[in-house]
Amino acid sequence: MSFRTIFFLIFLCYFSVLFQTSLLFHFSIWGHTINFILLLVILLNLFEPPEQKYGILTAFIGGFFLDIFSNGIIGFWILALLVLSFFIKLVLRKYVKIPTPKKII
C-alpha cells in the first residue's frame, strides 16, 4: 500500500463526506441524500483485486469521517462499513469465480 494511494483515499473520503453533509443536504429527496461513502466502499470492494485491502481501508476512513460529521454514535459508520466490506470480500472470495481462458490444444 503506497502512501500516495492512502493519501488520495483520505482526501477523497473527506471531500465526499464534506460535499454530502454540506451541499447535498439542501437537495434531499423525501429527506434522504446519496451516501457517497457507501457507494465508494461498495464499488471499490467489488472492482479491486481480492488480495488488495484498499476497500477495507476506505471503509474505515469513510466511516470515521461519517461519524465525525454526523451527530450519532461514534463508531456506528465505521462498524457498518467494515462489516459490509468484509462481507463483500467474503462473498467474492468464496462464491464468485472469475473465468480464465483455457488453451484449446
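Tabulated values for the structure
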{"read-out": "Checking Lys102 against (1) of a type in the set (Lys, Arg); (2) in contact with a Pro (Cβ under 8 Å, 6 or more places away or on another chain); (3) outside any helix (DSSP H, G or I), the condition it does not meet", "value": "(2)"}
{"read-out": "Qualifying residue in the range 63-74 (condition: touching a Leu at 6+ places or on another chain (Cβ under 7 Å) and at pLDDT 90 or above)", "value": "yes"}
{"read-out": "Pairs with Cβ under 7 Å, 6+ apart, first in the range 20-38 and surrounded by 14 or more Cβ atoms within 10 Å (Cβ to Cβ), second hydroxyl-bearing (Ser, Thr, Tyr) and at pLDDT 80 or above", "value": "Phe36/Ser16; Ile37/Ser16"}
{"read-out": "Residue within the range 49-62 that is among the aromatic types (Phe, Trp, Tyr), in contact (Cβ under 8 Å) with a residue 24 or more places away in the chain and under 17 Å from Leu12 (Cβ atoms) present", "value": "yes"}
{"read-out": "Residue that is farthest from Phe65 (Cα to Cα), among those in the range 6-47 that are in a helix (DSSP H, G or I) and either in contact with a strand residue (DSSP E or B) (Cβ under 9 Å, 6 or more places away or on another chain) or of a type in the set (Gly, Ala, Ser) (or both)", "value": "Ser22"}
{"read-out": "The range 84-105 - residue that is of a type in the set (A, V, I, L, M) and exposed (fewer than 12 other Cβ atoms within 10 Å of the Cβ) and, of those, modelled with the lowest pLDDT", "value": "Ile105"}
{"read-out": "Filter result (among the small types (Gly, Ala, Ser) and assigned to a helix (DSSP H, G or I)) within the range 61-94", "value": "Gly62, Gly63, Ala80, Ser85"}
{"read-out": "Phe8 vs. criteria over 14 Å from the mean Cα position of the chain (by Cα) and without any contact (Cβ under 8 Å) to a residue 12 or more places away in the chain", "value": "no"}
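The values are calculated or read from the model by the stated rules, or taken from the named source; none is laboratory data. Keep in mind that this is a model prediction, so the values were computed, not measured. Positions of Cβ are backbone-derived with ideal geometry, glycine not excepted, and every protein chain shown enters the neighbour counts.
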